[in-house]
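Report on the structure given below.
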């Protein structure tokens with residue numbers, strides 16, 4: 001049986017998305033958690049976390065095309081598939097996510113008072129757990145080395161799949177979630193160079 005969803009799930013590159021935004025033909029939907037959004041996001045994006053995403057969240061877009069994105073394109077791809085499974089007729093997501101957008105030199109924004117980037121939070125927590133597990137394993141009981149091993153295994157899994165359980169858990173902590181509606185105060189400038197003509201978004 002042919003998977004019809006494959007033909008309703010579209011990818012767009014950063015240059016094309018930027019042109020759609022300039023022409024007011026797209027609404028950019030950030031499916032990450034609020035702490036990640038606060039740290040850095042595409043300017044003008046709307047925050048709709050994957051955990052709360054539904055077709056109803058995209059009901060007020062008019063003729064504009066919704067374009068989902070996340071950090072790398074992994075979660076936005078899953079979000080797009082979930083919307084298709086829920087009956088949304090067609091969905092587009094940004095290939096390569098925010099990282100691809102930044103690689104092209106396009107502008108991003110952050111929220112005043114935003115916490116550390118979620119990846120840095122993961123590095124701090126994971127490093128602390130590995131250090132503590134190693135010290136306790138060496139001087140208290142060897143069983144504590146399992147803590148270091150578990151953290152290491154989690155990081156390997158995150159690297160292999162693009163899904164980091166620790167990042168998901170940290171992003172749901174109160175200090176990361178409270179920035180969803182704060183004012184954007186800093187935009188990082190886009191790099192040099194113009195944007196080539198881009199194809200029109202798919203018809204609604």
Residue list for region 45-69, restricted to those being closer than 17 Å to residue 107 by Cβ and without any contact (Cβ under 8 Å) to a residue 24 or more places away in the chain: 46
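Can you confirm whether region 156-164 contains a residue that is over 24 Å from residue 67 (Cα atoms) and surrounded by 12 or more Cβ atoms within 10 Å (Cβ to Cβ)?
From region 156-164, those over 24 Å from residue 67 (Cα atoms) are 156-160; that's our starting set.
Those left that are additionally surrounded by 12 or more Cβ atoms within 10 Å (Cβ to Cβ): 157-158.
Scanning region 156-164 turns up at least one residue that is over 24 Å from residue 67 (Cα atoms) and surrounded by 12 or more Cβ atoms within 10 Å (Cβ to Cβ).
Here are some residues: 18, 8. Which one is under 30 Å from residue 122 (Cβ atoms) and either modelled with pLDDT of 85 or more or surrounded by 14 or more Cβ atoms within 10 Å (Cβ to Cβ) (or both)? Working first, answer last.
Details: 8 fails: under 30 Å from residue 122 (Cβ atoms).
Only one candidate passes the filter, namely 18.
The values are calculated or read from the model by the stated rules, or taken from the named source; none is laboratory data. Remember, predicted model here, so these are calculated numbers, not experimental data. Every residue, glycine among them, receives a Cβ derived from its backbone with ideal geometry; neighbour counts consider all protein chains shown.
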